[in-house]
1. What is the distance, in nm, between label points placed 7 Å from the Cα along the Cα-to-Cβ direction at residue 210 and at residue 274?
2. Could you sort the peptides 87-94, 186-193 by per-residue average Cβ neighbour count (10 Å cutoff), highest mean leading?
3. Quick check: the angle from helix 328-337's long axis to the longest principal axis of the chain, C-alpha only, nearest 10 degrees?
4. At a 10 angstrom cut-off on C-beta neighbours, averaged per residue, how do the peptides 149-155, 42-48 rank from highest to lowest?
5. For residue 197 and residue 284 in the same chain, what is the full-extension length gain: residue separation times 0.36 nm, less their Cα-Cα distance, in nm?
6. Just check the range 160-293 against the gyration tensor rule for me: Cα atoms, a ≥ b ≥ c as the square roots of the eigenvalues, rounded for a/c under 1.5, and otherwise prolate or oblate depending on whether a/b exceeds b/c.
7. Can you give the angle from 0 to 90° between the axis of helix 251-260 and the longest principal axis of the chain, with both taken from C-alpha atoms, to the nearest 10?
8. If packing is taken as the average count of other Cβ atoms within 10 Å, what order do 249-255, 270-276 fall into, highest mean first?
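A short reminder: the numbers here are calculations on the coordinates, not readings from a lab. All values derive from a computational prediction rather than experimental measurement. Ideal geometry is used to build each Cβ from the backbone, glycine not excepted, and the neighbour counts take in all protein chains shown.
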Ligand SMILES: [Zn+2]
Ligand SMILES: [Zn+2]
């Protein structure tokens with residue numbers, strides 16, 4: 001079969017590789033319809049390995065070169081013996097997180113922070129291929145009214161839903177989202193579903209701000225021209241937002257988020273970031289502010305599919321490009337050069 005494999009930084013190759021082996025009891029093999037290019041994939045492409053391990057992954061044993069891609073939909077080709085509720089031929093999307101299933105966190109249902117966890121497309125061959133092996137536990141069957149294209153967006157949307165759930169956003173809350181990229185978009189959509197009354201976004205790119213306004217955000221600010229903290233403070237009755245969700249992973253913006261959220265409010269860090277964040281302890285202690293991290297999703301993908309199926313979640317604004325997997329290496333190079341021009345690009349191995 002065809003696979004777009006990561007060999008090292010800047011080195012993606014469309015190659016002929018052998019088909020996935022028959023699934024183990026806890027695995028399934030899916031024929032891929034669409035697979036989305038994620039910021040994580042671009043990082044691996046540009047300057048990886050970050051999340052890819054150079055040696056064998058402790059849980060899956062896989063090592064590079066391997067196909068990237070963890071945001072996919074498709075049709076079930078083969079199922080392991082531990083199956084329940086899914087059949088060969090079902091259209092599905094998948095939670096791509098491999099988990100040990102027996103550790104303290106897995107037993108609590110917090111499989112996404114299992115110490116051995118890893119994702120399809122980083123810890124095992126991914127969805128930029130004709131076929132992909134996935135954790136059986138992660139499969140979600142698609143209702144007839146959710147297309148394969150929309151289902152390939154469920155994974156990034158689940159990141160937004162999980163962040164908003166972690167933030168405890170409730171009806172009437174004022175929410176500031178920092179960063180209007182794909183994850184910022186997903187957070188906006190989820191915060192609106194959770195009942196946010198005032199929904200503000202800070203995003204430097206004009207095209208993205210306009211798109212967010214079309215989606216119905218209250219206001220979208222250019223942080224290079226506007227004192228976002230002050231503007232949101234004034235628009236919330238000189239109180240400040242109940243929740244600030246950072247979707248950038250930039251350390252200095254995390255400190256700013258703490259200074260921006262209202263007294264007693266919550267800051268949730270959803271951007272994948274590293275490095276030290278400087279926070280004035282007084283900003284937390286005297287004003288009872290909370291700061292939380294959020295990672296990926298935890299049983300959120302089936303909820304996204306339900307929201308799509310019931311018409312409550314229209315994610316089409318997120319989808320900005322459809323290309324063939326054959327052009328995958330060029331798509332990556334284009335996105336690396338100009339990330340701003342797209343939110344989510346989907347690749348298909350089936351040809352357009
Ligand atoms: Zn992703
Ligand atoms: Zn575990």
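1. Distance between label points: 3.6 nm.
2. 186-193, 87-94
3. The angle comes out near 20 degrees.
4. Values: 149-155: 25.9, 42-48: 17.4.
Most protected by this proxy first, the peptides run 149-155, 42-48.
5. On the way: separation 87, 0.36 × 87 = 31.32 nm, distance 2.47 nm.
Value of the extension gain: 28.9 nm.
6. rounded
7. 40
8. 249-255, 270-276
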